[in-house]
Every structure is written in C-alpha cells, then in structure tokens.
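**Q** Starting off with a structure, shown below.
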Amino acid sequence: MAKKLKNYIGGEWVESITSDYIPVHDPATCELLAECPDSTAEDVDRAVQAATEGFDEWRRTPVMNRAQYMYRLKTLLEDRFEDISRMVVQENGKALDEARGEVRRGIESVDFATGVPFMMRADGLEDVSSGIDEFTMRQPAGVFAAITPFNFPAMVPLWFLPTAITCGNTFILKPSPQTPISMDILFEILEELDLPEGVVNLVQGGKASSMAIMEHPGIKGVSFVGSTPVAKLVYETCTRHGKRVQAQGGAKNYIAVMPDANMEASVKNIMGAAYGCAGQRCLAAAVVVAVGDAYDKVRDEVAKQAGNLRVGYGLNETTQMGTVVSAAAKERIENLIQRGLDEGAKVVLDGRNVTVAGFEEGTFVGPTILENVTPENIVAKEEIFGPVLSLMKAENFDEAVDLINNSRYGNAASIFTTNGGYARDFKYRVNAGNIGINIGVAAPSASFPFGGQKDSFFGDLHGQGSDSIEFYTERKIIIERWI
Ligand code: NAD
C-alpha cells in the first residue's frame, strides 16, 4: 500500500493537520508510490515553533560538534546510497545512473559542510585606534527554510540543509510535492543522527506551506530553487516580510559551437547536456548556436547521436533517458514543440508519441531536435524543461554572443572551441552566472557558489560555496577597549 507521508517536526513524525493529500505516482509505471500531505500554515507554524525552541541549544553546541554530525550523516547517506537513488528514479523518472550522480553531488554538499568550523571564522584588526581592537564574528542567525523543486529531489535540499545547520541554525525543508519521498528517506536518516529536537524539520506540501514559510515572522531566511515566476514571487514575498532570500529560478541555456571546435567531443558533450535527466535540469542545454560552417556538422552529428539514445524505464540499467516527471509535464513539452513548429521551426527529430514496451502509460518524451529556429520563436525564448534541443545559425562569434545575451535568462552558457581568444571573450562578455568552456553542463562544485543572473536568480548571495556561509550567518562587528 502507498505510504501516507508525515511531517517531521521537533524530532517526531507527525501527521499534517490537513485532510488533503497529493498522490505521488511513478511516471513510468503509474504506480501510486505515496500520498503527500498538502500541509497548511498551521503545520508550518508548528515547525517554526519547534525550530525556534531548538535554536538556543543548537547554537550553543560547539561548532566542532555540529560538524561531527555531518561526518556521520555522510556515512549514513553512503549506506543508503542505492535506496535513495532508486527512489529518485521512481518518483522523478530519471535514469538510475543520473539519480546516482545526483545523490553523489548531494553528498558532496555534506562534505562541504564539514568545513564550516574553518569557513565560519572571521577576521580582526588590533589598534584601529589607540588601545582599540576591532573584529568580526559570525553567528548563526536563527530559523531558515528551503523550498525545493522536483527535478533534483535529493540533491537540491542537500545544497542547503547541511551548511545551514552546521552554521548553528535550525531548519525547515519543504520539498516538491511531486517528488517528496526521497526527503522522507533523508529524514529517516537524520533521525538516526540524534540531533537535538527541532534542529531539522520537514513539512511536506505545495503552495499553502510555501506561502506560510515566506510570510512567517519566525523564519529568518529562505532558500528557494524552482521556476522563474515562483522564484520572483518568493523573492518579493520574502523581502516584503523582512527576510533574507536567495531564489534560484528557471533557465534557457545556450551553447555556442565554433567551427574550430573538436566536433566529435563537443557533440558527445552536448548530448549529455541536452538530454541528461530528459532535459529537466536548470543547466540543460536548450539552444545550440552553431557558428559558420559548424552548423551542418553539428546538426548531422547531433541527429545521429540523439536518435541512438535508449529511452526506457529508469530502473533498467541500460536506459539512458527516462520519463519526464508527469503527464502534465509531457503535455506542456509537446505543446511547446507544436507551438515552435507553428512559428516556423522544422523537425529534425521528433520525440513526441514515443512509447516504451511494457510502460505504455509512461510519460516518455523522446529526444527532439528543432532547426530553423529564430530568436523570436517560443522555443528559443521560453524554458521547455524537456528533451528538446533547438538549433540556430550565427554568421560569426559576435552574433552568437548577441543571441545568447538576448535571452531573459542567465543561468548558464557554454562555448565549444579550440581557440583561447574566443574562450576568453566568451567568459568576458556573456551574461550568465555559470560559464562552460568545452563543458556542456556548467555545474559548480559544492565549494563554489551556484551562479545565475537576470531572470534565473533573485537575491544577492547565491546558494553553495562561500555565499552560503554569508547567507546562513549574521556578522557582528566588535570594537573593544580594555584600558
Ligand atoms: P516550481 O517553481 O513549480 O516549484 C518549486 C517549489 O515551489 C516547489 O516546492 C513547489 O511546491 C513550490 N511552488 C510551486 N508553485 C508555487 C506557488 N505558486 N506558490 C508558492 N510555492 C510554489 O518548480 P519545479 O517545476 O518544481 O522545478 C523546475 C524548475 O526549477 C525549472 O524552472 C528549473 O529551471 C528550476 N530549477 C532551477 C535551478 C537553479 O539552480 N537555478 C535548479 C533546479 C531547478
């Protein structure tokens, strides 16, 4: 029988007070996996109370001891590595190796958090005036929350929770109601850590619990990852309520391919960037701008390789591309493909109506390639968040840069070239927060902040890296005289 999910508040599993539950289906088999409570403002309030009550004891726990919990968390995550990976496949639809990659990346954020005792240190200066010393101190700031998306159900929450709590804050996580189960497993693991009550709290749900988090006066700051319209809403609502906020939004990532690029290696890389996780990545390659005579080579090679991708059930080890997350996502993606065609694009490879034997009801969309795409076409402008790659031509490097900078998004952009001059100019001029040079998915490792500009990010301090230490701490300046 499908599990009825609970919230985890103040060190206990508790039922939400709602009677509304959201079904969670495996998008390939359509099996009902769980029922997720659509938690209410009252559930959030209980979590805030627990987190507030837990804060004082936790902030007084020496930072070295707080970091020890992260070492143990890492070990427990390694022990449950396959369980979590398999659940990510079942609730999200991606291929097993992709899920393993995501869990591995999540664990890297736990590794990063073990360094908080070093990273939280601040600096000082003696004799700023006669007999007066001045220094800074970083302190935990209170209760933080994260609202996270469906596409990396295990990794994205781990971008935030480990660093936030190791800095001495208490924490509330609200995952996506489309993929809530891997976080149910994470909290089983966190329970084994025996953290003091209230340090970590899980509230499952959708919009009502998100809104309650944004508006609750007891929450100091919110980390958000999701689509641009919601990121904007989160930024505006949180700032209106006096909160710190980092809101990572949607994307439309362009890749420029220069005629001098190593074509075989570049296209292999572009394949992974466009079709990995069925294109449901904020760093997915959405548009390839091929410069000059690179166009025909890229088009032919991409078509050949994309046509050979094995689409199937994610738990089957030979599958290279799984489903998209839901029937609604499939319908939205297929509608956008049609709109692109109506606006003048031409199909090179059509992934609509792909079926997989044994999984006929699965929400599969096969690799799709569109060409003859103009900058005004909807498929060049809007995030599709599916396995759809649009091809554009540019006469020269400058035109490629202009096309990229024209986008309202600025999450990532890449160039494939063997020319250092183009590579330098690209990273200098392109307005995107994560730049790839001969790298299709420009994903920062845990020790670097995750970039994002324009409509892909709202806030000042980004997630991960040194920004996360700033975000999750309050800085105090002490000016001292003892004589
Ligand atoms: P989403 O915006 O629909 O949902 C994200 C979270 O917000 C979920 O927890 C959801 O329950 C909540 N939410 C949704 N609508 C809401 C509303 N109206 N009011 C309050 N809360 C609401 O995003 P998604 O579909 O789950 O995820 C895909 C999106 O996330 C894509 O746009 C992708 O580019 C983006 N994303 C961005 C990054 C990044 O680092 N920039 C990383 C991963 C995903």
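What follows draws every value from the coordinates through simple rules; no lab data is involved. These numbers come from a predicted model, not from an experiment. Here the Cβ positions follow ideal geometry from the backbone for every residue, glycine too, while neighbour counts run over all protein chains shown.
**Q** If neighbour count is taken as other Cβ atoms inside 10 Å, put His241, His462, His216 in order from fewest to most.
**A** Numbers: His241 15, His462 22, His216 19.
Final ranking by Cβ density, sparse to dense: His241, His216, His462.
**Q** Here is a further query. Based on Cβ point charges of +1 for Lys and Arg and -1 for Asp and Glu, what charge dipole magnitude is obtained for the chain about its Cα centre, in debye rounded to the nearest 20?
**A** Using only the charged Cβ atoms, the result is roughly 500 debye.
**Q** Among the aspartates and glutamates, select those whose C-alpha is under 12 Å from the C-alpha of Lys476, and discard any that sit fewer than 8 residues away in the same chain.
**A** Within the straight-line cut-off, Lys476 pairs with Asp123, Glu134.
**Q** Looking at the range 253-437, how many pairs of lysines come closer than 18 Å at the Cα, when each pair is eight or more places apart or spans two chains? Don't skip to the answer; put the middle values down first.
**A** Values: Lys268/Lys297; Lys268/Lys304; Lys297/Lys346; Lys297/Lys393; Lys304/Lys346; Lys346/Lys381; Lys346/Lys393; Lys381/Lys393.
Within the range 253-437, the lysine pair count is 8.
**Q** If each residue of separation counts as 0.36 nm, what is the full-extension length gain between Thr418 and Gln139 once their alpha-carbon separation is subtracted? Display every interim value, and only then the final one.
**A** Values: separation 279, 0.36 × 279 = 100.44 nm, distance 4.66 nm.
Result: 95.8 nm gained on full extension.
**Q** Quick query: amide H of Val348 versus all other amide H atoms, modeled in the peptide plane; which residues come in under 5 Å with a sequence gap of 5 or more or a different chain?
**A** HN-HN under 5 Å from Val348: Ile369, Leu370, Glu371.
**Q** Need one number: nm distance between label points at Asp460 and Asp123, each 7 Å from Cα along Cα→Cβ, rounded to one decimal.
**A** Distance between label points: 1.8 nm.
**Q** Please arrange Met137, Met183, Met119, Met155 by how many other C-beta atoms lie within 10 Å of their C-beta, fewest to most.
**A** Details: Met137 15, Met183 28, Met119 19, Met155 22.
Ordered from fewest to most neighbouring Cβ atoms within 10 Å, Met137, Met183, Met119, Met155 come out as Met137, Met119, Met155, Met183.
**Q** Same structure again: Among the DSSP beta bridges whose two residues both lie in the chain, what percent are antiparallel, rounded to the nearest 5?
**A** Percent antiparallel among DSSP bridges in the chain is about 40.
**Q** Here's something else I'd like to know. Expressed as an acute angle from 0 to 90° and rounded to the nearest 10, what is the orientation of the C-alpha long axis of helix 63-79 relative to the principal long axis of the chain?
**A** For 63-79 against the chain, the angle is about 40 degrees.
**Q** Next question, about the same structure. What does the C-alpha gyration tensor say about the overall shape of the range 253-437? Classify as rounded when a/c is under 1.5, otherwise prolate if a/b is larger than b/c, or oblate.
**A** Values: a/c = 1.87, a/b = 1.62, b/c = 1.16.
Note, shape of the range 253-437 comes out prolate.
**Q** Can you tell me, using C-alpha contacts under 8 Å and at least 6 residues apart, the relative contact order of the range 333-439 as a whole percent? Provide the component values of the computation, followed by the final result.
**A** Numbers: 142 pairs, mean separation 22.0, N = 107.
Worked out over the range 333-439, it gives 21 percent.
**Q** While we're looking at this one, here's another question. Of Asn335, Ala412, Met155, whose Cα points farthest to the positive end of the dipole of the chain (charges on the beta-carbon: +1 Lys, Arg; -1 Asp, Glu; origin at the Cα centre)?
**A** Of Asn335, Ala412, Met155, it is Ala412.
**Q** Sticking with this structure for a sec: Taking 30 Å as R0, compute the FRET efficiency from the Cβ-Cβ separation of Glu57 and Arg408 and round it to 0.05. Working shown, then result.
**A** Values: r = 46 Å, r/R0 = 1.52.
Once the sixth-power term is evaluated, E becomes 0.10.
**Q** Could you state the angle between the C-alpha long axis of helix 263-275 and the longest principal axis of the C-alpha atoms of the chain, as a value from 0 to 90 degrees rounded to the nearest 10?
**A** Helix 263-275 sits at roughly 60 degrees to that axis.
**Q** Across the range 302-317, in residue order, what do the Karplus-derived ³J(HN,Hα) couplings come to in whole Hz, using 6.51 cos²θ - 1.76 cosθ + 1.60 with θ = phi - 60° and x for Gly and Pro?
**A** Working through the residues one at a time gives 4, 4, 5, 6, 5, x, 8, 5, 8, 8, x, 6, x, 7, 7, 4 Hz.
**Q** Among rounded, prolate and oblate, which fits the chain when a ≥ b ≥ c are the square roots of the eigenvalues of its C-alpha gyration tensor, a/c under 1.5 means rounded, and a/b larger than b/c means prolate?
**A** Details: a/c = 2.10, a/b = 1.36, b/c = 1.55.
The shape class here is oblate.
**Q** How many angstrom lie between the C-alpha centres of the range 1-47 and the range 237-260?
**A** So the two Cα centres are separated by 29 Å.
**Q** Multiply the residue separation of Gln338 and Asp260 by 0.36 nm, subtract the distance between their alpha-carbon atoms, and state the gained length in nm to one decimal.
**A** On the way: separation 78, 0.36 × 78 = 28.08 nm, distance 3.36 nm.
Length difference between fully extended and current span is 24.7 nm.
**Q** Now a separate question. What is the helix-to-structure angle for 96-113, meaning the angle in degrees between its Cα long axis and the longest Cα principal axis of the chain, kept from 0 to 90 and rounded to the nearest 10?
**A** 30
**Q** Can you figure out the FRET efficiency of Leu76 with Asp425, using R₀ = 41 Å and their beta-carbon distance, to the nearest 0.05? Write down the numbers at each step before the final one.
**A** On the way: r = 47 Å, r/R0 = 1.14.
The formula returns an efficiency of 0.30 here.
**Q** Now a separate question. For labels at Lys3 and Asp300 in the simple 7 Å Cα→Cβ model, what's the distance in nm?
**A** Roughly 5.2 nm, to one decimal.
**Q** Among Trp159, Trp58, Trp13, which comes first, then next, by fewest other beta-carbon atoms within 10 Å? Don't skip to the end; give the middle numbers.
**A** Values: Trp159 25, Trp58 21, Trp13 14.
In order of increasing Cβ crowding within 10 Å: Trp13, Trp58, Trp159.
**Q** To continue, here is another question. If the only charges are +1 at each Lys and Arg Cβ and -1 at each Asp and Glu Cβ, what is the size of the charge dipole of the range 253-437 around the Cα centre, to the nearest 20 debye? Working shown, then result.
**A** Details: 17 positive and 23 negative charges, 83 e Å.
I would put it at about 400 debye.
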